[in-house]
1. Within the stretch 86-138, can you find the residues that are in contact (Cβ under 8 Å) with a residue 60 or more places away in the chain and of a type in the set (S, T, N, Q)?
2. Starting from the stretch 34-47, take each residue that is under 13 Å from V70 (Cβ atoms) and list its partners that are in a strand (DSSP E or B) and among the aromatic types (F, W, Y), counting only C-beta distances under 8 angstrom and pairs at least six apart or across chains.
3. I'd like the full set of residues that are loosely packed, with under 15 Cβ neighbours inside 10 Å and under 17 Å from N91 (Cα atoms), limited to the stretch 35-66.
4. Quick check on the stretch 175-195: of everything there that is touching a residue at least 60 places away in the same chain (Cβ under 8 Å) and not in a strand (DSSP E or B), which residue is nearest to the chain's Cα centre (by Cα)?
5. Can you tell me which residue among Q172, Q198 is surrounded by 13 or more Cβ atoms within 10 Å (Cβ to Cβ), outside any helix (DSSP H, G or I), modelled with pLDDT under 95 and not aliphatic (A, V, I, L, M)?
6. Name every residue in the stretch 102-125 that is surrounded by 15 or more Cβ atoms within 10 Å (Cβ to Cβ) and either over 18 Å from the mean Cα position of the chain (by Cα) or among the aliphatic types (A, V, I, L, M) (or both), in order of residue number.
Amino acid sequence: MSMKRIFIIILFSFTVLQLSAQQSYKDIVLPIRLTRGFGISGNMGWNALTGVGISVQSYMSTHIGLDAGVGISSVGYKIAGRLRYLILEKNFTPMIGAGFIYGTGLPNQLLELDDDGNTITIILNKSPYIQLVGGFDFVASNGFFIMADMGYAILLTDNVDLISGIPSANMQSVMNMTFGSGFVMEVSIGYIFPKKKQNTRFIK
């Protein structure tokens, strides 16, 4: 067999292998959070990350997500951050998370509460919380994003100063529910932007 014929056979074989490798690459299925890594959403709920506000999502890996946001709530303006663990790599996954929330309070404003003629005056101070949640995270192939969770927010310091009056049991209950530790119920809806164009199919 001539060297020319051997060279042609080798070249042909190499070309076939390259085409096969490219086709295999096209068929690789990448998790959605490798192809979409950063997003923005509206966030709201009871003891939510932002109260009512805007949050951003960043997927550091297929299993680690980071949330940060700002908003307004019963404890003033809120600034918050949260780390989440995503259990699955699919579009829909259960998740758990832990975060820190800082409420600015209303330190320069006197608040009056009345209960059937019994009036008290308070000042609402800074309000730091630890938030622990569990729920789900869904990112569609077109980027639509929804996350919902429940959990508990733990107030780290006393945030209410009593200026005048004696709070009734009802008042104390309302203040505990509005300003103190409590259950979390929240939802975020938004969009996760694509990374550079990927020639892949998505996990459903």
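The values are calculated or read from the model by the stated rules, or taken from the named source; none is laboratory data. Note that the coordinates shown come from a computational prediction; the quantities given were computed from them, not determined experimentally. Please note: Cβ atoms are built from the backbone with ideal geometry, for glycine as well, and neighbour counts cover all protein chains shown.
1. Passing the criteria: N91, Q131.
2. Going by the 8 Å Cβ cut-off, the qualifying pairs are I40/Y191; S41/F145; S41/Y191.
3. F38, S58, M60, S61, I64
4. Applying the filter and picking the extreme gives K195.
5. Selected residue: Q198, the only one of Q172, Q198 that is surrounded by 13 or more Cβ atoms within 10 Å (Cβ to Cβ), outside any helix (DSSP H, G or I), modelled with pLDDT under 95 and not aliphatic (A, V, I, L, M).
6. We begin by selecting, within the stretch 102-125, every residue surrounded by 15 or more Cβ atoms within 10 Å (Cβ to Cβ); these are 102-106, 113, 115, 120, 122-125.
Listed by number, the residues that qualify are T104, G105, L106, L113, D115, I120, I122, I123, L124, N125.
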